[in-house]
Every structure is written in structure tokens, then in C-alpha cells.
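Every number here is computed from the coordinates shown, using simple stated rules; none is lab data. Note that the structure is a prediction, hence the values are computed from the model and not measured. As a convention, Cβ positions derive from the backbone with ideal geometry for all residues, glycine included, and neighbour counts pool all protein chains shown.
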Amino acid sequence: MNFILVIISIAVYDSCFSNLQDVYLYSNGLAILSNMAPHVHKLNAYATERLVSLFEMLSHKYVIWHLHRK
């Protein structure tokens, strides 16, 4: 049943992070994902796929921000 909470939180994160350019928001999102990791067990395939895609999107935007900053 925890996959519903994960899917809802991913949808909220995805809608918030997709339009913003704040690096602190990206780093906080990555921190939330890393803190959530030990507590998430037995997710279904859809929730796992969305979680991985959110991580990829956040880490990609974080890296792009650091490259443009230099």
C-alpha cells in the first residue's frame, strides 16, 4: 500500500520540479529521495519506474546547473 504514497509524492515533486530553476530545490529533492530509500519496500513496477525517473530528472538538472555555473 505504500506505493500509492510514493506515486502521489512523485507526482507532486514532478510537477513542482519541472518548471523551477532553483538548485537548492533540486538538492533538497535528492535529499528527500535518499532519506526515503531505507523505508520503501516492495514497490510495484510502476512506482519503481516513476521513482527512478524522478531521480534521473533531478540529478540531470542538478548536474546541468553545476555545469552552467562554472
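A few remarks follow.
- Distance in nm between pseudo-label sites at Ser53 and Ser27 (7 Å out along the Cβ direction from Cα): 2.8
- Extension gain, Ala11-Ile64: 0.36 nm per intervening residue step, less the Cα-Cα distance, totals 16.9 nm.
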